[in-house]
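Please read the structure below before turning to the comments.
The values are calculated or read from the model by the stated rules, or taken from the named source; none is laboratory data. Just so we're clear, the structure is a prediction, and the values are computed from it rather than from any experiment. Cβ placement follows ideal geometry from the backbone for every residue including glycine, while neighbour counts extend to all protein chains displayed.
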Amino acid sequence: MRRVLAGLLGVSALVVFLLGTGGAATETPRRGGELVFIVQSEPPSYDGHREETFGVTQPIGPFYSLLLRIDPTDPKGARIVGDLAESWIRSKDQLTYTFKIRKGVVFHDGQPLTAPDVKASYDHIIFPPEGVVSNRRGAYSAVKAIEAPDDHTVVFRLKWPAAAALPLFASPWNFIYSAEKLRQDPRWYETHINGTGPYRFVEHIKGSRVVGTRNPRYFRAGLPYLDGFRATFVKSESAQIATLRGARAMAQFRGITPGEKAQLETALGDTIRFQESAWDCTNWIALNHERKPYADRRVRQALTLAIDRHEMSRALSRITIVRDLAGVQVPETEYAASLADLLTLKGFGRDIDRSRAEARRLLAEAGVPAGFAFTLKNRGITHPYEAVGIYLIDQWRRIGLTVTQEVIEPAAYFAMIRGGDFDVAVDFQCGYLVEPDLDLYKFQSVGISDANYGRYRDDVLDELYRAQSRATDRASRLALIRRFERRLIDEEAHYLPTLQWHRIVPHLRRVRGWHVTPSHYVNHQLETVWLGD
Amino acid sequence: MEPALETSLVLEHGRSWCASVWEFARRRPLGAAGAAIVIIMAVAAALAPVVAPYDPLATDYSAMLAAPSSAHWLGTDAFGRDVLSRIIYGARTALTVGIVSALLGATLGAIVGVGSAYFGGWVDLLGERVVDVLLSFPLVIMALAVVATLGNGVWNVVLAITIPMAPRCARVIRSSALAIRRTAYVDAARAAGFSRARIILRHMLPNVMAPYLVMLTAFMGQAVLLEASLSFLGLGVAEPTPAWGLMLKGAAVDFAETAPWLALWPGIAISAAVFAFNLFGDALRDALDPRLRAL
Amino acid sequence: MIPTLLGVAALVFLLMRVLPGDIVELRFAGESAYASRATLELERQRLGLDRPLWLQFADWTWGLVRLDLGRSMWTGAPIAHEIGLRFQLSLELALLATLIAVVLAIPLGIVAAVWRETWVDYVVRVVSIAGLAVPSFWLGIVLILVLLRVFHWLPPIEFTPLAVNPWHNLGQLVWPALAVGYRYSAVSTRMMRATMLEVLREDYIRTARAKGLWRRLVLSRHAVKNAMLPVFTVIALEFAFLLGGLVVTEQVFNLNGLGSLFVEAIAHRDYTLTQALVLLVAVATVVANFLVDLTYAWLDPRIRYR
């Protein structure tokens, strides 16, 4: 029986929270004040199980608790800790997960929370009733059944051992609802809010704001520090910057561009802080393997060799939200490649002239004439798509290719890329948790992965994925992931990596207790945040 | 001299064309200035490879967002591309789109207007309805539909802009054509056996020539503005093609304070072009017939 | 009027369905590929998107006849409610901008006509054409920069309705109203100048001494009133456009108006909401046109347009 350090973890997490490790280590958190922050997108409904936009997790997240969550104090955004779960045990065959639920938790309307509520919420996610949409249901296909044998125990039974089971239970969208309300109306939570989170719902004025106030009966004693929060909806970027400049809002928790950061630095000087991290989001170039020259590996390799990623990093990090070179994992996370590893991959070498010469050679060998023209289909969002598109076109020009860009409006973009209506297109991948099982899934063969828009089949890649998913120790898993990366990027160049996005989160200096993580979907319960001066 | 008489003299006696142009320039200096600006822009655009100091697509990552200097007179943009060269090449897009859409829109509108006025009856009614519907329809959706189905590109933008212009012209031309249609002269000519085509060409067209010319020049200014707006919204031409509207989004807004030249020059270019077209169009209208005030 | 509106309704209905992209996919399969096909189909059924086109159209128009705009496909809230919130702001902005346009255009137009072909005329014409020539989005960027740097003004976070606090409300709307009003005054100024010229031409061939001219003007009040008629025509026609067309202005000044709702609705492929908005603008345009035609016919039977 393998016991996870659950109790210890939970207690130490509690201690850590109570000490408020946000700002300077020796500062004592103060109670009081209202945190005003900007959210760019409005929630179409309040149901986290149904939606997939940060427009829900950011303003509505504070009202709910999760079973497990990503540790808000972990800058890598990888450590999973208990929220409503006090402790948990995984069975030796890895098919059963047993969670112990905290005692003494109450909903905002006064009803106590018990294990049946957790079961009902996860039933709502994994086995939704007729007419209810659960956005991420497909990710839980390994779950066979959920049981609540007593008021404080929840058991998940899996069909097969899934290494990424725990991360799935820590998903920021898995709000825990009341079983009673779900029984009365499974769609009640789309238009109502009733959770166990650190804040209680006050109002939502469409087009304007969401307001929450402290939950006096929150199960973490002494928290939250704030009296309440106000999420204001400001859609245009320039208005957001102006609002921050005037200190009418204290933070914007998604991320801003380097240009905007410079503006705020100049205007606010010492009163503003920026927390930066690699973003769990990156752009990959999809090459349609079903179209003529791209089926040839040499052409794909040429396209990636032509790109000077080092100059790209230097130049684009000044004007848009990208920065670091990366492979299949967010840099500096557990299974990420080191710079030395990356330099050995095609397209990452420092000698760009040599790379480009080889690219030309490969193109000639593959029979692609000089001046060959194709269209790059890009997504109609300014950052960082526009800059990345312009840069790539410029790089491909230098090996003699004539590339025009077609900008597809975001709404039409999915139809285009899913329908395979492109030669070369800019794809993206975002996640809420850095976990190879979740991140590498996409790149498997077209029969297995719905998100493989390059439409290729590669059995070696599939086998490597399965192997790393079942790896028993860290070292062997790391090696397998490196091999996967090499096969994907270097040997076959199925998908071309660009640069990892870079997250710059601005907040006034007085906002303490909030840690940036690679994902803008997590760390939004805000119970550790406090206002200093 | 009566303005209307001036018009007919110009149109029916070609040899006084040169003299009329000179007269025009002398009496209406603003209009002449407008025309001159347009001509200078057109020449610069045509001779762009000669006039522009750099290749507009050439990036230089060691000189990103550089301030105006002797190397780059108007500075460089976020990719180190020379702003002056991009503005000169951008004139190609702006003027091509402006002139072609205006021509297409005005001509299409004139055809519909004249046809509507001449044939009357259900042709007129149908034409009126179609014009009404198109006039009440927002340009954004129309442009979006064109771009979504046909993609970006100069000619698709031309199509997207022509669609709102044609009905406006149709409406104006129709009223002018109606004024002629109702005179006894046309009925008499018909009774005398003149063919429809001849009546339309010889008698109705000359009368709508004045409002047609005025609408044409007015449209050119509007078309340049619309092209800039559509590019700004992402519905026009796409990067890295140089286009004035495109130069005003993205980095220009982000770096508006640290690199104001990014937003300044393209805005001035657009304003100057539209300004010039409008000045010329105004003066032309004054010269031809101030009664054309409904434009 | 009705055929036009029907035509607009049919056109927007068809155009929206021609655009690639589907609201259900956007909502539930945008970020991840996990939502199953069955789930998406279910949602489409719920929104009525699986029914044949003619049925959807008939259903919608039947709702319109009963003055029921339906529900937004994105939020599920009644469209009347979604629009209502923004309508107040857009209407107020349009009215303020129109007021500014009128206040600027009429005196400037008269002045330019009275002193035609002098430096006064040139200045007025240059200034008003500049209003037309400057792209609105550029003007917005420049204006915000100037306001930020020079006046330390900030765009409002939330809209204060007129009823709640008139001063605050006007303070928020004055800058966007000026930006928009300046552009609309440009068109009206030129029109005013042209019609005044015509009025003067009828009474005077040559420019008289200022004193004499003003007396003449005062005496021909009727003529001046006639001169204003086309100006009001232009203003009335443009007003309908102001309601839904101020997309960039709203973006720049962070106003929660109909223009941004429109852009959002299209981006979400929210068919019902987009259709309703287009129809709203079309109704406003058609009504404005109709009123203008009526006014023309009533006030000046000499006009031979129809």
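Listed values, structure above:
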read-out: Contacts under 6 angstrom Cβ, first residue in the range B:202-227 being more than 22 Å from B:Leu248 (Cα to Cα) and touching a residue at least 24 places away in the same chain (Cβ under 8 Å), partner crowded, with 22+ Cβ neighbours inside 10 Å and hydroxyl-bearing (Ser, Thr, Tyr), 6 or more apart; value: B:Val208/B:Ser176; B:Pro211/B:Ser176
read-out: Filter pass, A:Val368 being surrounded by 19 or more Cβ atoms within 10 Å (Cβ to Cβ), more than 14 Å from every other protein chain (Cβ to nearest Cβ), within 25 Å of the chain's Cα centre (by Cα) and more than 30 Å from B:Met247 (Cβ to Cβ); value: no
read-out: Counted residues, the range A:422-446 - those being part of a loop (DSSP other than H, G, I, E, B) and either free of Cβ contacts under 8 Å to residues at least 12 places away in the same chain or among the basic types (Lys, Arg) (or both); value: 1
read-out: Unique match (being surrounded by 19 or more Cβ atoms within 10 Å (Cβ to Cβ), away from chain C (no Cβ under 13 Å) and at negative phi) among A:Val460, A:Val426; value: A:Val426
read-out: Residue check, B:Thr241 β-branched (Val, Ile, Thr), out of contact with any strand residue (DSSP E or B) (no Cβ under 7 Å at 6 or more places or on another chain) and away from chain A (no Cβ under 11 Å); value: no
read-out: Unmet criterion (only one of (1) buried (at least 24 other Cβ atoms within 10 Å of the Cβ); (2) more than 14 Å from chain A (Cβ to nearest Cβ)) for B:Phe275; value: (1)
read-out: Check on B:Asp55, surrounded by fewer than 16 Cβ atoms within 10 Å (Cβ to Cβ), touching a Lys or Arg at 6+ places or on another chain (Cβ under 9 Å) and either acidic (Asp, Glu) or at positive phi (or both); value: yes
read-out: Residue in the range A:269-285 that is polar (S, T, N, Q), assigned to a helix (DSSP H, G or I) and either over 21 Å from the mean Cα position of the chain (by Cα) or surrounded by 18 or more Cβ atoms within 10 Å (Cβ to Cβ) (or both) present; value: yes
read-out: Sole residue being at pLDDT 90 or above, surrounded by 15 or more Cβ atoms within 10 Å (Cβ to Cβ) and among the acidic types (Asp, Glu), chosen from A:Asp151, A:Asp123, A:Asp109; value: A:Asp123
read-out: Those residues of the range B:228-237 which are in contact (Cβ under 8 Å) with a residue 60 or more places away in the chain and more than 14 Å from chain A (Cβ to nearest Cβ), in sequence order; value: B:Ala228
read-out: Spans of strands (runs of 3 or more DSSP E) in the range A:37-117 with at least 1 residues touching a Ser or Thr at 6+ places or on another chain (Cβ under 7 Å) and under 22 Å from A:Ser134 (Cα atoms); value: A:68-70
read-out: Those residues of the range C:150-195 which are facing another protein chain (nearest Cβ under 8 Å) and part of a helix (DSSP H, G or I), in sequence order; value: C:Arg190, C:Met191, C:Ala194, C:Thr195
read-out: In the range C:64-78, residue nearest to A:Thr191 (Cα to Cα) [restricted to those that are more than 14 Å from every other protein chain (Cβ to nearest Cβ) and surrounded by fewer than 16 Cβ atoms within 10 Å (Cβ to Cβ)]; value: C:Asp68
read-out: Selected residue (criterion: farthest from the other protein chains (Cβ to nearest Cβ)) from residues of the range A:223-256 that are assigned to a strand (DSSP E or B) and in contact with a helix residue (DSSP H, G or I) (Cβ under 7 Å, 6 or more places away or on another chain); value: A:Phe229
read-out: Residue within the range A:191-198 that is closer than 28 Å to A:Ser134 by Cβ, of a type outside the set (D, E, K, R) and assigned to a helix (DSSP H, G or I) present; value: yes
read-out: Qualifying position, being more than 29 Å from A:Leu244 (Cα to Cα) and free of Cβ contacts under 8 Å to residues at least 40 places away in the same chain, among A:Arg102, A:Arg79, A:Arg69; value: A:Arg79
read-out: Selection status of C:Leu42, on the phi < 0 side of the Ramachandran plot and not in a loop (DSSP other than H, G, I, E, B); value: yes
read-out: Test set (1) crowded, with 22+ Cβ neighbours inside 10 Å; (2) under 30 Å from A:His494 (Cα atoms); (3) out of contact with any strand residue (DSSP E or B) (no Cβ under 7 Å at 6 or more places or on another chain) - A:Ala242 fails condition number; value: (2)
read-out: Odd one out for B:Pro240 among (1) touching an Asp or Glu at 6+ places or on another chain (Cβ under 8 Å); (2) free of Cβ contacts under 8 Å to residues at least 24 places away in the same chain; value: (2)
read-out: Helices (runs of 4 or more DSSP H) within the range B:149-215 that include 3 or more residues within 22 Å of B:Gly121 (Cβ to Cβ) and within 14 Å of another protein chain (Cβ to nearest Cβ); value: B:154-181
read-out: Selection count where residues are within 17 Å of A:Leu438 (Cα to Cα) and either among the β-branched types (Val, Ile, Thr) or away from chain C (no Cβ under 11 Å) (or both), scope the range A:127-164; value: 7
read-out: Out of C:Val224, C:Val234, C:Val199, sole residue that is within 21 Å of the chain's Cα centre (by Cα) and either at pLDDT 60 or above or charged (D, E, K, R) (or both); value: C:Val234
read-out: Residues of the range C:122-146 satisfying the condition of being touching a residue at least 60 places away in the same chain (Cβ under 8 Å), in contact with a Phe, Trp or Tyr (Cβ under 8 Å, 6 or more places away or on another chain) and more than 9 Å from chain B (Cβ to nearest Cβ); value: C:Gly140, C:Leu143
read-out: Residue match in the range C:259-277 (condition: closer than 25 Å to B:Ala256 by Cα and either buried (at least 24 other Cβ atoms within 10 Å of the Cβ) or within 11 Å of the chain's Cα centre (by Cα) (or both)); value: yes
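Let's see how each residue does on (1) closer than 24 Å to A:His502 by Cβ; (2) of a type in the set (D, E, K, R); (3) in contact (Cβ under 8 Å) with a residue 60 or more places away in the chain:
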| position | (1), (2), (3) |
| --- | --- |
| A:Ser317 | yes, no, yes |
| A:Leu325 | yes, no, yes |
| A:Gln329 | yes, no, yes |
| A:Asp341 | yes, yes, yes |
| A:Ile352 | yes, no, no |
| A:Leu363 | no, no, yes |
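Here is a yes/no grid of residues against (1) of a type in the set (Phe, Trp, Tyr); (2) farther than 30 Å from A:Ala451 by Cα; (3) under 22 Å from the mean Cα position of the chain (by Cα):
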| position | (1), (2), (3) |
| --- | --- |
| A:Tyr97 | yes, no, no |
| A:Pro116 | no, yes, no |
| A:Lys144 | no, no, no |
| A:Pro172 | no, no, yes |
| A:Thr191 | no, yes, no |
| A:Gly197 | no, yes, yes |
| A:Val202 | no, yes, no |
